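What follows is a short report on a single structure.
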Amino acid sequence: MTTMVAERVMDKNFPVRVVAFGTQGKGSVVCLNMEELTKALKEVIVDEKLGRAGRVLVIEQFEKPPATIEWDRNKNDDTSQEQSR
């Protein structure tokens, strides 16, 4: 069963994200290659790791989130300099 599902995903570029439908985002895993995808599908489908939530899966292309910038308002407060000009 997991091999059949994994083969249907072969046309996608990795990474992919496997999301269990009933877990509201908590039951998702990012797979970087076919080996990781097969392992994740086995855990969800065969081992029923997520219980009933794993009965419906969404497999989608994973887009990396944009880079985050850490901002400390106390250290980088340019607004005070702009206001004093």
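Here are the numbers for this structure:
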quantity: Under the Karplus curve 6.51 cos²θ - 1.76 cosθ + 1.60, θ = phi - 60°, whole-Hz ³J(HN,Hα) for the stretch 40-47, x wherever Gly or Pro sits; calculated: 5, 5, 4, 4, 7, 7, 7, 7
quantity: Residues residue 21 and residue 61, FRET efficiency given R0 of 22 Å [Cβ-Cβ distance, rounded to 0.05]; calculated: 0.80
quantity: Residue-by-residue Karplus 3J(HN,Hα) for the stretch 31-36, coefficients 6.51, -1.76, 1.60, Hz, glycine and proline x; calculated: 10, 8, 7, 5, 4, 5
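Here, each number is a calculation from the coordinates, and none is a lab measurement. Treat the numbers as computed from the prediction; the structure is a model and nothing was measured. Cβ coordinates were reconstructed from backbone atoms using ideal geometry, including for glycine residues, and neighbour counts include every protein chain displayed.
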